[in-house]
Amino acid sequence: MAKAIDIFTPRVSRASLTPWLRRILFYAALFILWQVIALSGIWPDYLFPGPFAVLSAIIAGFGSGLYLQAIGVSLSRLAIGYGISLVVGLVLGLLIGRNRILEETVGSLILGLQALPSVCWLPLAILWLGLSEQAIIFVVIMGALFSITLGVDAGVKNTNPIYLKAARNMGARNVALYAQVILPAALPAIINGLKQGWTFAWRSLMAGELIFFTLSLGNLLQTGRDLNDASQVMSVMVVIIIIGVAIDVLIFGPIERSVRERWGLNR
Amino acid sequence: MSHQVTLSETRNESGSDRGTGSFGGISLQIENVSKVFAGRAGNVEALRPVNLNVEAGEFVTLLGPSGCGKSTLLSIIAGLETATTGSVMADTRKVQGPGTDRVLLFQEAALFPWLDVQHNIEFGLRQLGTPAGERRALARRFLEMVHLQGFERSYVHQLSGGMRQRVAIARALAINPAVLLMDEPFGALDALTRDRLHAELESIWSSTRKTVLFVTHNVREAVALGDRVLVFSPRPGRIVREFRINLPRPRSLEDHSLVDESAEILTVLRDAIGNDELEAENG
């Protein structure tokens, strides 16, 4: 009896601790392995810098203000492009989801365009708009727009028709029906589309910035290469990863969690 | 008294002891209403022409096997579906589309999962343009009426099936309809909860005197609640018999005369269906 309790009680706390412990151990091992390889001299320092070199590159980058400035440029492009995609995608998704003819025509086109990696728009964007801010924002929009549209479309289409019946019966019409019923009912699927849209936007932004000459995160990667400075390249990569994870965890995580809790989807 | 007056009266004296808020229901004239669904495999006749007059404030139960078109009839009366033939008159006006004088309640309660209980109940009032303060007060009153005070901030998934139906009833009552169209609202509930909700519904009905059309496939439920029980045939549905239930209210499911009435109606229903498939449900 006492033994059974002994086994059971520590297991609860261990279960919540061990994943973190394992993770920390894993990264520590990775760090050491990286350092060992760097010290072994298989590759020269400027091609394969150790973790401390990368760390000091990060510190130097932020210290000079260069990284912050680059992050500002990249994030503002992302915000503009993603914001436009959000507005257009919501409207487009609602229209396609509610209208059979648009679904069959525009819907099929968007499904096709979704299959095209958005970087493929870059040559065309540069031909049309030059090596400009607009060209890169265009590519970001092409990255996010279709995912968002299809997410909204799926959400609208999978809405239980009984909600619409009940709402119409209680006098909801036109704009109120869309704003108070159709959109909120579709929210779980819409959030999925928004998340996917953001990853695509972030990827296409980084790809696009590689060929631009103005200061940005992608451009820092490129200048690192030009300077034969792998520690700068790696340090910018780390910064890009951290920003990506942070947006996932700090923005989309809480939104998704609150919707799932509200709807009772966590069980 | 027109419904328009009823509505404004309620709004003006939302705090008064006429708390339940209504001068009663309106009459319904259903003339020659039928429904044919156009399907891929040809047309499906859901409802044979139905003629039915419901008096203002009457409680009518529609009894029949699943899929006999009773629900279709309710949807047509609610204005959510159009009839293939015939017309529905609500009071003196022809039904053309949904209206807040006739509210449909569903078996699945159809509460909005993105709103808490309070805002679910306020939904219809918001569409009517009722000011926020008044909405809150009305919501509180109807939540009390269905004995759910304290659950204002709960979300749908936190409520039991019976509580959901109570909220759905409060949500419908909040916009003060003249007619409640109830489509097997208690069909998915356990027997105990269902009995309790019968009693609550009966008391709400007797204090508000709304017109109620209540669809069920449960004979005892039909007899316990209705002034009249209309027995439908299987699809395509039509009314095969009509029973007037003169038992005193409030009724008890254990009452002998109620059990006798039920037995008689069950025989008729069984003849209409032509087999015993209802037995298990009503036994």
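The values are calculated or read from the model by the stated rules, or taken from the named source; none is laboratory data. Only a predicted model underlies this, so the values are computations on that prediction, with no experimental measurement involved. Note that each Cβ is placed from the backbone with ideal geometry, even for glycine, and that neighbours are counted across all protein chains shown. Side chains are part of the model used for accessible areas, which takes the heavy atoms of the whole protein and leaves out ligands, DNA and RNA. Shrake-Rupley method; radii C 1.70, N 1.55, O 1.52, S 1.80 Å.
Things worth noting here:
- Options B:Lys35, B:Lys70; residue that is buried (at least 22 other Cβ atoms within 10 Å of the Cβ), out of contact with any Cys (no Cβ under 9 Å at 6 or more places or on another chain) and within 30 Å of B:Val156 (Cβ to Cβ): B:Lys70
- Residue, modelled with the highest pLDDT, within the range B:100-110, restricted to residues that are part of a loop (DSSP other than H, G, I, E, B) and open to solvent by less than 10 Å² (accessible area, probe 1.4 Å): B:Ala110
- Residue list for the range A:218-267, restricted to those being outside any helix (DSSP H, G or I) and aliphatic (A, V, I, L, M): A:Leu227, A:Leu265
- Output for the range A:230-247, where each listed residue is open to solvent by less than 60 Å² (accessible area, probe 1.4 Å) and either within 17 Å of A:Asn192 (Cβ to Cβ) or under 10 Å from the mean Cα position of the chain (by Cα) (or both): A:Ile243, A:Gly244, A:Ala246, A:Ile247
- Just one residue in the set B:Arg135, B:Arg164, B:Arg126 is within 14 Å of chain A (Cβ to nearest Cβ), under 22 Å from B:Leu189 (Cβ atoms) and either assigned to a helix (DSSP H, G or I) or modelled with pLDDT of 95 or more (or both); that residue is B:Arg164.
- Counted residues, the range A:207-217 - those being buried (at least 22 other Cβ atoms within 10 Å of the Cβ) and part of a helix (DSSP H, G or I): 3
- Residue match in the range A:259-266 (condition: open to solvent by 10 Å² or more (accessible area, probe 1.4 Å) and more than 14 Å from chain B (Cβ to nearest Cβ)): no
- As a summary of the residue check, B:Arg196 satisfies the conditions (1) in contact with a strand residue (DSSP E or B) (Cβ under 8 Å, 6 or more places away or on another chain); (2) more than 14 Å from chain A (Cβ to nearest Cβ); (3) of a type in the set (Lys, Arg) except for the one numbered (1).
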